[in-house]
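Data block below; observations after.
What follows draws every value from the coordinates through simple rules; no lab data is involved. In this text, all values refer to a predicted model and were calculated from it rather than measured experimentally. Don't worry about glycine lacking a Cβ; one is built from the backbone with ideal geometry, like all the others, and counts go over all protein chains shown.
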Amino acid sequence: MINPLAYIHPEAIIGENVEIAPFVYIDKNVIIGNNNKIMPNANILYGSRIGNHNTIFPGAVIGAIPQDLKFRGEETTAEIGDNNTIRENVTINRGTAAKGKTTVGNNNLLMEGVHVAHDAIIGNGCIIGNATKMAGEIIIDDNAIISGAVLMHQFCRVGGYVMIQGGSRFSKDIPPYIIAGRDPITYSGINVIGLRRRNFSNETIEKIHNAYRIIYQCGLNMTDALVKVETEIETCPEIDYIVNFIRASERGIIK
């Protein structure tokens, strides 16, 4: 399963049933789990940790040093979970002293040309479109869909189950369950189709909708809006997630 034209450092740890194509480069201090497929010309560099059942397409570079002038060669990692598809020319840099690692969870699709910068955290079940670029220390929660050519400012957070329009750029947080689009980027309603596909009940979807009506359409400041949401809408995990996400936001949310 390992082509003789691939280079694998003798200190690298490779699991069972791993397919490694010609001209793959695997550095030292790399750990690769079981049942992975690594296609030609992929580079798995120092500090990479790769789980099981991932497919890595040609030209992908995992574990390159951060594009951060504060990086001083500290020991850091780029950690990828299980069942991910990492398409052509995706770059996933390793962490810095800030967090120590860059993390990609499980069951994600990173399409061609995606860049994941240092210390980023990508959850599970996310779809990231072609040529989307994520700056350092961003967070993307589970089941987010980010379309192509999106530019994400450092330190931003994207909530779960969102849909972000292609070509968008943003420097504030995007709260969960919504559609974000237009230029400049704004709240464009809740992601009803996505929520139904994920088997959210009509009752829960209506609660989410009512919460965002208060947050975005009542003309209240955010503190008062969140109090109104908590007072007027029956609590459930989804409402708690929205309120806690917004309260924890250091950059503020999109308008």
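Here are a few things to note about the model shown:
- Residue selection: residue 202 fails the criterion of being surrounded by fewer than 14 Cβ atoms within 10 Å (Cβ to Cβ), under 23 Å from residue 138 (Cα atoms) and among the polar types (S, T, N, Q).
- Scanning the range 123-137 for residues that are assigned to a strand (DSSP E or B) and not charged (D, E, K, R) yields 127, 128, 134.
Results for (1) buried (at least 19 other Cβ atoms within 10 Å of the Cβ); (2) in contact with a strand residue (DSSP E or B) (Cβ under 6 Å, 6 or more places away or on another chain); (3) of a type in the set (Phe, Trp, Tyr), shown as yes or no for each residue.
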position	(1), (2), (3)
162	yes, yes, no
175	yes, yes, no
206	no, no, no
209	no, yes, no
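- Evaluation of residue 19 against (1) farther than 18 Å from residue 78 by Cα; (2) more than 26 Å from the chain's Cα centre (by Cα); (3) not hydroxyl-bearing (Ser, Thr, Tyr) (one fails), failing number: (2)
- Of the numbered criteria (1) in contact with a Gly (Cβ under 7 Å, 6 or more places away or on another chain); (2) surrounded by fewer than 21 Cβ atoms within 10 Å (Cβ to Cβ); (3) not hydroxyl-bearing (Ser, Thr, Tyr), the one residue 44 fails is (2).
- From the list 144, 120, the lone residue that is crowded, with 23+ Cβ neighbours inside 10 Å, in contact with a Cys (Cβ under 6 Å, 6 or more places away or on another chain), without any contact (Cβ under 8 Å) to a residue 40 or more places away in the chain and not charged (D, E, K, R) is 144.
- For residue 24, the conditions (1) within 22 Å of the chain's Cα centre (by Cα); (2) crowded, with 22+ Cβ neighbours inside 10 Å all hold with the exception of (1).
- Those helices (runs of 4 or more DSSP H) of the range 179-252 in which 1 or more residues are at positive phi and in contact with a Ser or Thr (Cβ under 9 Å, 6 or more places away or on another chain) are absent.
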